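This report concerns only the one structure given below.
The values are calculated or read from the model by the stated rules, or taken from the named source; none is laboratory data. Every value quoted in this text rests on a predicted model; they were computed, and no experiment measured them. Because the Cβ atoms are built from the backbone with ideal geometry, glycine has one as well, and the counts that use them run over all protein chains shown. Quick note on the areas: whole protein, heavy atoms, side chains included, nothing else; ligands and nucleic acids left out. Shrake-Rupley method; radii C 1.70, N 1.55, O 1.52, S 1.80 Å.
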Amino acid sequence: MKLHTFVTDTQNPQLRGRQIGERWAEQIRQTVSLYLNFFTQVDVAPERVRSLGEASLGALEAWSPNLAQEVAGIAIGAGLPFWQLAALNARTEILAVMPTPPEGECSTAVFAPLGANAPRTVQTWDWHDSLVPHGLMLQLTGAAGLDVKLFTEFGMLGKIGVNSAGLGLHFNILHHASDNGSAGVPVHAVARRLLEEARSVDEAIALARSARVSASTVLTVFSRHDRAPRAASIELSPQATAVVLPGEDGWITHTNHFLAPGLVPGERTLDVSTTYARLDHVNAARGQMTGASLASRAEAMCGGLGDAAPICFIPDLALPPTERWETLLTIGIDTEHFALEYAAATPLALARSGHVRF
């Protein structure tokens with residue numbers, strides 16, 4: 001994955017969308033095309049993709065008109081039909097209607113004990129390598145006046161990021177028996193609105209609860225401010241939104257299965273998924289993952305297994321694209337200094353070769 005950066009200086013959402021769409025039209029068109037082909041390969045019919053995308057955009061318009069306007073602006077700027085950008089932003093909602101849910105992806109670790117030190121975090125973002133030849137690091141100022149820095153796929157509203165109020169957010173997909181085709185608010189848009197508006201973990205939880213979703217995801221949020229709760233994993237599902245708090249030691253870890261007791265019975269992650277092994281691995285490494293530098297945390301996250309650790313995905317090119325996974329990004333969030341630190345690589349490669357600070 002090749003990473004690009006862009007800073008937009010307008011608070012007008014449709015104008016911002018047009019700026020992004022015009023500047024990155026080639027990458028956005030490519031991403032849209034790849035996803036539309038992918039949906040067909042996983043047996044979601046094109047007419048259903050369009051209807052789910054349009055309906056999800058309608059849900060977004062009701063919940064956050066500004067973000068819906070930005071999606072429309074991106075479509076105009078990139079010269080694409082609105083429904084295609086809507087479907088791209090609703091990719092998790094579309095994948096939720098697949099006959100068989102995809103295997104898990106992404107491992108997150110946040111160390112946020114009470115005290116003067118800001119949280120220390122690291123996440124792997126694992127996804128199909130064929131879908132993301134390019135990624136975007138975006139800086140913007142939201143309607144509430146907060147500055148935001150985030151990582152996302154081209155044409156999508158958001159994913160992982162931090163705001164100038166000192167709130168950070170990591171993002172992992174989940175699968176639940178209540179996931180359905182009712183086309184709720186896109187979970188990527190939920191992540192974006194939390195980054196634009198939330199100044200505390202409590203505010204982030206309240207905002208997340210206000211969204212009706214049709215697909216499941218966990219948003220792990222945390223604050224540089226020494227207050228309780230300082231961190232939380234917000235598990236979103238159509239059945240309910242639940243909150244998982246850190247342990248007494250300040251650690252909160254998540255992969256791709258539910259942890260909230262009320263939602264665990266509806267778990268839809270396949271038994272063959274690596275999510276359980278990855279969470280066990282991350283939890284076993286926690287004692288070594290408290291270092292001040294991202295490089296030390298990333299190396300500790302792999303442990304002695306290096307790139308053979310279950311948190312690292314190396315694509316097997318013999319497999320079809322729909323079954324091929326890669327650790328496309330390792331990222332840490334600095335809430336104290338409003339920065340993202342990252343490398344388009346596994347944690348071990350980041351530790352050995354360095355990272356970029358945005």
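Structure summary
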| item | result |
| --- | --- |
| Test for Thr322: is it closer than 23 Å to Lys159 by Cβ, among the polar types (S, T, N, Q) and in contact with a helix residue (DSSP H, G or I) (Cβ under 7 Å, 6 or more places away or on another chain) | yes |
| Filter result (farther than 16 Å from Met289 by Cβ and open to solvent by less than 30 Å² (accessible area, probe 1.4 Å)) within region 326-338 | Thr327, Leu328, Leu329, Thr335 |
| Which listed residue, of Ala86, Ala118, is buried (at least 20 other Cβ atoms within 10 Å of the Cβ) and assigned to a helix (DSSP H, G or I) | Ala86 |
| Residue within region 181-194 that is in contact (Cβ under 8 Å) with a residue 24 or more places away in the chain, of a type in the set (Gly, Ala, Ser), open to solvent by 10 Å² or more (accessible area, probe 1.4 Å) and over 21 Å from Asn117 (Cα atoms) present | yes |
| Single condition Leu34 does not satisfy, out of (1) farther than 18 Å from Gly135 by Cβ; (2) surrounded by fewer than 22 Cβ atoms within 10 Å (Cβ to Cβ); (3) modelled with pLDDT of 95 or more | (1) |
| Members of region 93-122 that are in contact with a strand residue (DSSP E or B) (Cβ under 6 Å, 6 or more places away or on another chain) and more than 23 Å from Asp316 (Cβ to Cβ) | Thr108, Ala109, Val110, Phe111, Ala112, Pro119, Arg120, Thr121, Val122 |
| Hits in region 218-228 - residues which are within 18 Å of Leu195 (Cβ to Cβ) and surrounded by fewer than 19 Cβ atoms within 10 Å (Cβ to Cβ) | His225 |
| Selected residue (criterion: surrounded by the most Cβ atoms within 10 Å (Cβ to Cβ)) from residues of region 121-162 that are over 15 Å from the mean Cα position of the chain (by Cα) and small (Gly, Ala, Ser) | Gly142 |
| Filter pass, Arg212 being farther than 26 Å from Thr141 by Cβ, open to solvent by 10 Å² or more (accessible area, probe 1.4 Å) and in contact (Cβ under 8 Å) with a residue 12 or more places away in the chain | yes |
| In region 300-338, the residues that are assigned to a loop (DSSP other than H, G, I, E, B), of a type in the set (Gly, Ala, Ser) and more than 18 Å from Ala284 (Cβ to Cβ) | Ala318 |
| Any hit, region 287-299, residues being open to solvent by 20 Å² or more (accessible area, probe 1.4 Å), among the aliphatic types (A, V, I, L, M), assigned to a helix (DSSP H, G or I) and modelled with pLDDT of 95 or more | yes |
| Residue in region 311-325 that is nearest to Leu348 (Cα to Cα), counting only those that are open to solvent by 30 Å² or more (accessible area, probe 1.4 Å) and of a type in the set (A, V, I, L, M) | Ile314 |
| Top-ranked residue in region 188-219 [being part of a loop (DSSP other than H, G, I, E, B) and among the small types (Gly, Ala, Ser); ranked as nearest to Leu259 (Cα to Cα)] | Ser216 |
| Residues within region 250-282 that are of a type outside the set (A, V, I, L, M, F, W, C), modelled with pLDDT of 95 or more and surrounded by fewer than 14 Cβ atoms within 10 Å (Cβ to Cβ), tallied | 4 |
| Hits in region 339-357 - residues which are surrounded by fewer than 19 Cβ atoms within 10 Å (Cβ to Cβ) and assigned to a loop (DSSP other than H, G, I, E, B) | Gly354 |
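Conditions (1) more than 19 Å from Arg209 (Cβ to Cβ); (2) of a type in the set (Lys, Arg); (3) not in a helix (DSSP H, G or I), marked per residue:
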residue: Val243; (1), (2), (3): no, no, yes
residue: Gly247; (1), (2), (3): yes, no, yes
residue: Thr253; (1), (2), (3): yes, no, yes
residue: Leu259; (1), (2), (3): no, no, yes
residue: Gly262; (1), (2), (3): no, no, yes
residue: Asp271; (1), (2), (3): yes, no, yes
residue: Arg278; (1), (2), (3): yes, yes, no
residue: His281; (1), (2), (3): yes, no, no
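Conditions tested, residue by residue: (1) outside any loop (DSSP other than H, G, I, E, B); (2) without any contact (Cβ under 8 Å) to a residue 12 or more places away in the chain; (3) within 19 Å of Ala189 (Cα to Cα).
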position: Arg16; (1), (2), (3): yes, no, yes
position: Gln27; (1), (2), (3): yes, no, no
position: Val44; (1), (2), (3): no, no, no
position: Arg48; (1), (2), (3): yes, no, no
position: Leu67; (1), (2), (3): yes, no, yes
position: Ile76; (1), (2), (3): yes, no, yes
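Condition check ((1) at negative phi; (2) at pLDDT 95 or above; (3) of a type in the set (Ser, Thr, Tyr)) across all residues:
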site: Pro81; (1), (2), (3): yes, yes, no
site: Ala90; (1), (2), (3): yes, yes, no
site: Leu95; (1), (2), (3): yes, no, no
site: Pro102; (1), (2), (3): yes, no, no
site: Glu105; (1), (2), (3): yes, no, no
site: Phe111; (1), (2), (3): yes, yes, no
site: Ala118; (1), (2), (3): yes, yes, no
site: Thr124; (1), (2), (3): yes, yes, yes
site: Asp129; (1), (2), (3): yes, no, no
